[in-house]
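Visitor: Okay, handing you the structure first.
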Amino acid sequence: MTGPSRPSTDQGISFTFDGKHYHARKGDTLAAALLANGIGLVGRSFKYHRPRGIMTAGIEEPNALVTVGEAGRAEPNTRATDVFVYDGLVAKSQNRWPSLSFDLGALFGLAAPVFSAGFYYKTFFGSAKRWMFYEYFIRKAAGLGNAPRDVDPDRFSQRAAFCDVLVVGAGPAGIAAALEATEAGKRVILVEQDSIMGASLIRDPQALDSLWVEECAERIRAAGGHILTRTTASGYWEHNLVTLSQRLAEPGQVPSRGVAQRLWHVRANEVILATGSIERPMAFAHNDRPGIMLSQAARTYARRFGVLPGKRVVIATNNDDAYQTALALKASGAQIVAILDARPAPAGQAYGLPVCNDAIPFSTEGNRHCLKSVTAKVGGISKSWDADLLAVSGGFTPVIHLHMQSGGTLKWNDAAQAFVPDRSLQNVKTVGGAASPEPTFTLTPISPPKKSFIDFQNDVTLADVDLAWAEGYRSVEHLKRYTTLGMATDQGKTSNMAALSRLAEKQGVAIPEAGLTTFRPPYTPVTMGLLAGAGAKDAGAHKRRLALYDVHAAKNPIWQPLGYWFRPRAYPMAGESLAEAAMREARSVRTAVGMTDVSTLAKFEVSGPDGVTLLETACATSVGKLAVGRGRYTFMLREDGFVFDDGTVWRLDENRYLLTSSTGGADRMATHLSYVRNYLHPELRVSVVNVQEHHAGIAIAGPKAKSVLAKLIGEEPPRHMSTVAAKIADVAVLVLAASYSGERAFEIYVDARNAEPVWAHCETTVVAEGGCLYGLEAMEFLRIEKGHLVVGGEIDGRMSPQDLALDKMLNKAGGFIGAAGLSRPALSEVGRRQLVGLEAIEGSIPEGSMLVTADGQSPEGHVSASAFRIVNGGSIALGQLAGGFLRGGEELIATSPTRGQRARVRVVPPHFYDSAGERYRD
Amino acid sequence: MTDVTVSNLPSAPLWAFEIWSNPDAVAARFAAATGFALPKMGTSGGNDALRLIRYEPTVWLAEGDATPLPSILDTDGALTAIGGGVTRVLLSGGGWRRLLMEGGVFDAECPTFAAGSSAATIIDHVNIRLHVLNEDACLAYVPLSYAEGIIHFWQEAATALD
């Protein structure tokens, strides 16, 4: 740029670009403000670091990518054409060092022949050592802007919306459609990605001006319609679900009410796409210099922003629309040096402008910051013009992305040389320019292909397409991946048709026969925070809190995420590590007594005379002979016969049972029971109610557990696998005598609202008996030593009851889910992996390690859980080993090469402690 | 600025009221005993002492004095206590519909979702049952473990509704 191109009045907004202060007008895009301040060089290209300016005035911008904002609010790769300047905006150029103007990365351009299409793939040729050399440099060079390291301080919202009609695009066609639907009494949402409505009317207000737009907007709102600006329809999904990304604050800006962006999930009965079209650039040598701009963009800067992007203007076109640009720029004070019209005379001759027909741009000259001259072939003869702006128009590409994402098909419009929407699979229609693009003249590039860029963002030239073709890439999808054409933030919005045209030319076919790549969501880039929504700072989900959460929190435990739950992992005393605390807690259970919170266990109350039938369908063990007040271990199978969960079932009354199962499988078990209740046996007289959260659960375990419980309930505790209703601290509780630790143990269930006094009373009594609280880590030690299974560990979805030595417990009457699957021959094959115990001969057994007979041999199993003997010491583990039941005493190696850990182990039975089960029986 | 207040209500006796046989007979006994009909799907009904919300084809959430319910059910269904696992949250003010669209998948802004309507839905990944009290208030039944998280979510979202 040669200097400021609009008066400096009314410039109340200040911003910085690469540390320098500038001024802008309200309503300016960053691109407009940079142009107004005479800045032509805005970025560096991805691969060759070529100087790039501003090419467009919209979301399709491939060149002017900047980082906007600071610290956690920094947003890299933001198009300068898609951010509206606010006071204090901080923008930085990207992909350059040490500065934008003097970028050493431009040396890559000198090695352009090396970095041609597919160079990345070619680095994989030859020995791996070569790649190890390349890798460092490729990784250093890859990418554009840098992702912020700080946490984004803003919030992101996700909101649902429902409407009769969703109109995408607030240009003349979209506004008219929205107005008609709204005034017909329909619920209407109209979305526009710009900050104001009007679209092409902002640039070309000849017939319908801003007053018409405002009047329509008022009528739409008055009739109950909802208008969302700065909102882009980013994806079109099944069942007319359209996602919208809305900017409530500009990139890097402090949002007024804390929410920076909102992701809308809109379910519409009908969708009207008024998405317009995108102007195409032209391919010629050095067509990527600052000062070369799309024709409509130049017109937009002049008319909307009052910015004249050049004073000596050459316009290259193959259609009539560019003449509107010539007239607009001329009216703004620019000199139209020449109009290069690819069409033969008399095209364009009626405008009274210096038109050259049969004229195609050939090359340009300039420097890092601006354009200096344009050379064209006019009737085959070279001609040059001094110019600081070249406005090009290679025709128009309808924005058909959403139509295609909806499952719609396309057809070829020969007059416009473009694909347009054809059939729709959902209730969607396209109106306006996207349905009826302007006719255009077929233009074949004549310049040498090497510097004729077609994908500006990825530095893909015509020569790259030619090379891909020469190297055998025939499919357009392969071409895309080999050249990287159409990738990155612009997703080929300005490049696809040029590439297709070249590919078709090479194939000797028409463009439609060359094919088209798939348009996938999102239409424009969306931030990761927007996708994460309100959970962006919390792994996308709410933390599930125990009913006794505050009680635990007061003891400052180490917390353990378990699904969405957070449970105490251990309660360290002063100076204790996790391992020390857990071992102390486990020893307390083995030698005295301990208590822990087991509230998260899945719990279902099954009521009704057909409860047994339901349970004996859902569970693989028998239930019918269970006496009132008794319970038993049970497990459940998938249809294919594999174990997927286990738990206990208790008969509370003649027709009332309590089924417990694993915490992590609670939702899956609810689905399993619902499947039995509502699908397999809807005729049953039974009620299944999920009471997981209704009951808080407290487990007391250890040699003293029985005496502790006797004190708590004031009566003889129930024997193992029996139950009794009692009171603790005057609160009604249900006591189940069940053990997961291997010690005499009880689970106390209480209405969660009344859990605190019960817990407090239990804790006081346990501590008085020399016991302590224990967490998940100690529980894991205890259950491994006892050889109890855990879902997700030993029960990993691949183990049959036989593999886990549970087959003796199967209901011999059959009829349970998975019974048929168990008869599959594969489940009886020799060599299946089976549950084994492992004890270390040397070293500590790494959890998750492979079991091999010798180094270098194939794995024959793996370690599912490992721990140390609680009282006697020594590393032990549970594992799954091929043919494990018959391999007792065999020595193996447990190895984890990725962690550099290994241990020599001996195969033993999977019960390291009280295998006879004498400790939990009176 | 859209107006809505999020309030955590005291716990209440809540029950799952399920019918497995003779639904017409149970409905007749119910109406005779309580003075109001068993509500249909998507609706609630009741009086000051007892309110029922139908949330599954054969299951109602009962709130209040459940004393008459076992005899109404007789051998045709079961009553199961669930109140310990549910937190009641009152959303009051004209903005409750807009608030429920945050993180939601249900059309709470639909005019037919009016007083006496109910719904079982997911909001910000949490399973929630809704009962419209009137145009300015909606009662939400939230799982206890998620209550603090979802209340925080609503309170934060309420500051940025439009």
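Each row is one residue, and each column tells you yes or no for (1) in a strand (DSSP E or B); (2) more than 40 Å from the chain's Cα centre (by Cα); (3) surrounded by fewer than 22 Cβ atoms within 10 Å (Cβ to Cβ).
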residue	(1), (2), (3)
A:S707	no, yes, yes
A:A710	no, yes, yes
A:H720	no, yes, yes
A:A725	yes, yes, yes
A:Y749	yes, no, no
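Visitor: Does B:A115 count as more than 10 Å from chain A (Cβ to nearest Cβ), without any contact (Cβ under 8 Å) to a residue 24 or more places away in the chain and not polar (S, T, N, Q)?
Guide: Working: more than 10 Å from chain A (Cβ to nearest Cβ): yes; without any contact (Cβ under 8 Å) to a residue 24 or more places away in the chain: yes; not polar (S, T, N, Q): yes.
When the stated conditions are applied, B:A115 passes them.
Yes or no, residue by residue, for (1) part of a loop (DSSP other than H, G, I, E, B); (2) among the hydrophobic types (A, V, I, L, M, F, W, C); (3) at pLDDT 95 or above:
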residue	(1), (2), (3)
A:K26	yes, no, no
A:H49	yes, no, no
A:I54	yes, yes, yes
A:E61	yes, no, yes
A:K92	no, no, yes
A:R96	yes, no, no
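Visitor: Okay, next question. Could you tell me whether A:V649 is touching a Lys or Arg at 6+ places or on another chain (Cβ under 7 Å), crowded, with 18+ Cβ neighbours inside 10 Å, more than 11 Å from every other protein chain (Cβ to nearest Cβ) and under 28 Å from A:R544 (Cβ atoms)? Working first, answer last.
Guide: Details: touching a Lys or Arg at 6+ places or on another chain (Cβ under 7 Å): yes; crowded, with 18+ Cβ neighbours inside 10 Å: yes; more than 11 Å from every other protein chain (Cβ to nearest Cβ): yes; under 28 Å from A:R544 (Cβ atoms): yes.
When the stated conditions are applied, A:V649 passes them.
Visitor: Right, next: Do you know which residues across the stretch B:122-131 are in contact (Cβ under 8 Å) with a residue 24 or more places away in the chain and more than 10 Å from chain A (Cβ to nearest Cβ)? Spell out the reasoning first.
Guide: Here is the first cut: in the stretch B:122-131, the ones in contact (Cβ under 8 Å) with a residue 24 or more places away in the chain are B:123-124, B:126, B:129-131.
Result: B:R129, B:L130, B:H131.
Residue-wise test of (1) among the hydrophobic types (A, V, I, L, M, F, W, C); (2) closer than 24 Å to A:H542 by Cα; (3) touching a Ser or Thr at 6+ places or on another chain (Cβ under 8 Å); (4) surrounded by 17 or more Cβ atoms within 10 Å (Cβ to Cβ).
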position	(1), (2), (3), (4)
B:D65	no, no, no, no
B:P70	no, no, no, no
B:G77	no, no, yes, yes
B:V89	yes, yes, yes, yes
B:R98	no, yes, yes, yes
B:G104	no, yes, yes, yes
B:G116	no, no, yes, no
B:L130	yes, yes, yes, yes
B:P143	no, yes, yes, yes
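Visitor: I've got another one for you. In this structure, is A:Q193 farther than 27 Å from A:G252 by Cβ and either modelled with pLDDT under 90 or of a type outside the set (D, E, K, R) (or both)? Quick ask: steps written out before the conclusion?
Guide: Numbers: farther than 27 Å from A:G252 by Cβ: no; either modelled with pLDDT under 90 or of a type outside the set (D, E, K, R) (or both): yes.
No, not satisfied.
Visitor: May I pose another question? Please state which one of A:T621, A:T600 is within 13 Å of chain B (Cβ to nearest Cβ) and farther than 24 Å from B:E18 by Cα. Quick ask: steps written out before the conclusion?
Guide: Numbers: A:T621 fails: within 13 Å of chain B (Cβ to nearest Cβ).
Selected residue: A:T600, the only one of A:T621, A:T600 that is within 13 Å of chain B (Cβ to nearest Cβ) and farther than 24 Å from B:E18 by Cα.
Matching residues to (1) under 41 Å from the mean Cα position of the chain (by Cα); (2) surrounded by fewer than 24 Cβ atoms within 10 Å (Cβ to Cβ):
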residue: A:M293; (1), (2): yes, no
residue: A:A298; (1), (2): yes, no
residue: A:R303; (1), (2): yes, yes
residue: A:A316; (1), (2): no, no
residue: A:D320; (1), (2): no, yes
residue: A:A328; (1), (2): no, yes
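Visitor: Among the listed residues A:V649, A:V612, identify the single one that is among the β-branched types (V, I, T) and in a strand (DSSP E or B).
Guide: Details: A:V612 fails: in a strand (DSSP E or B).
Exactly one of A:V649, A:V612 is among the β-branched types (V, I, T) and in a strand (DSSP E or B), namely A:V649.
Visitor: What is the number of the single condition among (1) crowded, with 21+ Cβ neighbours inside 10 Å; (2) in a loop (DSSP other than H, G, I, E, B); (3) at pLDDT 95 or above that A:A117 does not meet?
Guide: (3)
Visitor: Next question, about the same structure. It is to be established whether one or more residues within the stretch B:88-95 are outside any strand (DSSP E or B), without any contact (Cβ under 8 Å) to a residue 40 or more places away in the chain and within 14 Å of another protein chain (Cβ to nearest Cβ). Let's see the steps before the verdict.
Guide: So in the stretch B:88-95, the residues outside any strand (DSSP E or B) come out as B:93-95.
Narrowing further to those that are without any contact (Cβ under 8 Å) to a residue 40 or more places away in the chain: none.
No, every residue in the stretch B:88-95 fails to be outside any strand (DSSP E or B), without any contact (Cβ under 8 Å) to a residue 40 or more places away in the chain and within 14 Å of another protein chain (Cβ to nearest Cβ).
Visitor: Go through the stretch A:242-285 and report how many residues are free of Cβ contacts under 8 Å to residues at least 60 places away in the same chain, farther than 23 Å from A:V167 by Cα and not in a loop (DSSP other than H, G, I, E, B).
Guide: Adding up the residues that qualify gives 0.
Visitor: Can I ask one more? Counting only residues that are assigned to a helix (DSSP H, G or I) and among the aliphatic types (A, V, I, L, M), which one in the stretch A:615-628 is surrounded by the most Cβ atoms within 10 Å (Cβ to Cβ)? Before you say what the answer is, go through the steps one by one.
Guide: Quick first cut of the stretch A:615-628, residues assigned to a helix (DSSP H, G or I) only: A:615-618.
The next check asks that each one be among the aliphatic types (A, V, I, L, M); those that pass are A:615, A:618.
Working: A:L615: 26, A:A618: 28.
Restricting to residues being assigned to a helix (DSSP H, G or I) and among the aliphatic types (A, V, I, L, M), the top hit is A:A618.
Visitor: Shifting gears a bit: Just give me the residues in the stretch A:801-857 being of a type in the set (S, T, N, Q), within 19 Å of A:I876 (Cβ to Cβ) and assigned to a loop (DSSP other than H, G, I, E, B), in sequence order. Even if it seems obvious, please write down each step before you answer.
Guide: In the first step, residues of the stretch A:801-857 are kept if they are of a type in the set (S, T, N, Q); the result is A:802, A:811, A:823, A:828, A:834, A:844, A:849, A:853, A:857.
Applying the additional criterion that residues be within 19 Å of A:I876 (Cβ to Cβ) yields A:834, A:844, A:849.
Once the filter is applied, which keeps residues that are of a type in the set (S, T, N, Q), within 19 Å of A:I876 (Cβ to Cβ) and assigned to a loop (DSSP other than H, G, I, E, B), the stretch A:801-857 yields A:S844, A:S849.
Visitor: Out of the residues in the stretch B:38-65 meeting the condition of being in a loop (DSSP other than H, G, I, E, B), under 20 Å from B:A120 (Cβ atoms) and touching a strand residue (DSSP E or B) at 6+ places or on another chain (Cβ under 9 Å), tell me which one is nearest to the other protein chains (Cβ to nearest Cβ). Break it down stepwise before answering.
Guide: Of all residues in the stretch B:38-65, those in a loop (DSSP other than H, G, I, E, B) come to B:38-42, B:47-49, B:57-58, B:65.
From the residues that got through so far, the ones that are under 20 Å from B:A120 (Cβ atoms) too are B:38-42, B:57-58.
Of the ones still in play, those that are also touching a strand residue (DSSP E or B) at 6+ places or on another chain (Cβ under 9 Å) are B:38-42, B:58.
Working: B:L38: 16, B:P39: 18, B:K40: 19, B:M41: 15, B:G42: 16, B:T58: 8 Å.
Looking at the filtered set, the residue picked out is B:T58.
Visitor: A further question on this structure: Just to check your reading of the model, which residue among A:W565, A:W559 is surrounded by 14 or more Cβ atoms within 10 Å (Cβ to Cβ) and more than 13 Å from every other protein chain (Cβ to nearest Cβ)? First the steps, then the outcome.
Guide: Details: A:W565 fails: more than 13 Å from every other protein chain (Cβ to nearest Cβ).
None of the other options fit; the residue is A:W559.
Visitor: For a quick check of your reading: which helices (runs of 4 or more DSSP H) sit entirely within the stretch A:122-204 and have at least 1 residues that are away from chain B (no Cβ under 14 Å) and crowded, with 19+ Cβ neighbours inside 10 Å?
Guide: Values: elements: A:128-141, A:172-183, A:200-203.
The qualifying helices (runs of 4 or more DSSP H) are A:172-183, A:200-203.
Visitor: Related question: Among the residues of the stretch A:261-268, is any more than 14 Å from every other protein chain (Cβ to nearest Cβ) and not hydrophobic (A, V, I, L, M, F, W, C)? Can you show your working first?
Guide: The first filter runs over the stretch A:261-268 and keeps only residues more than 14 Å from every other protein chain (Cβ to nearest Cβ), leaving none.
The answer is no; no qualifying residue exists.
Visitor: Just checking, which of B:S118, B:S145 is outside any strand (DSSP E or B) and of a type in the set (S, T, N, Q)?
Guide: Values: B:S118 fails: outside any strand (DSSP E or B).
None of the others qualify; the one that does is B:S145.
Visitor: Ok, one more. Select, from A:V589, A:V606, the only residue that is β-branched (V, I, T) and within 14 Å of chain B (Cβ to nearest Cβ). Explain how you work it out, then say what you get.
Guide: Values: A:V589 fails: within 14 Å of chain B (Cβ to nearest Cβ).
Within the list A:V589, A:V606, the selection yields A:V606.
Visitor: Just one of (1) buried (at least 20 other Cβ atoms within 10 Å of the Cβ); (2) away from every other protein chain (no Cβ under 12 Å) trips up B:D136, so point out which.
Guide: Result: B:D136 fails condition (1) only.
Visitor: Now, a different point. Counting only residues that are buried (at least 22 other Cβ atoms within 10 Å of the Cβ) and within 18 Å of A:G118 (Cα to Cα), how many does the stretch A:431-458 have?
Guide: 7
The values are calculated or read from the model by the stated rules, or taken from the named source; none is laboratory data. Values in this document were obtained by computation on a predicted structure and should not be read as measured data. Glycine gets a Cβ as well: all are built from the backbone with ideal geometry, and neighbour counts include every protein chain shown.
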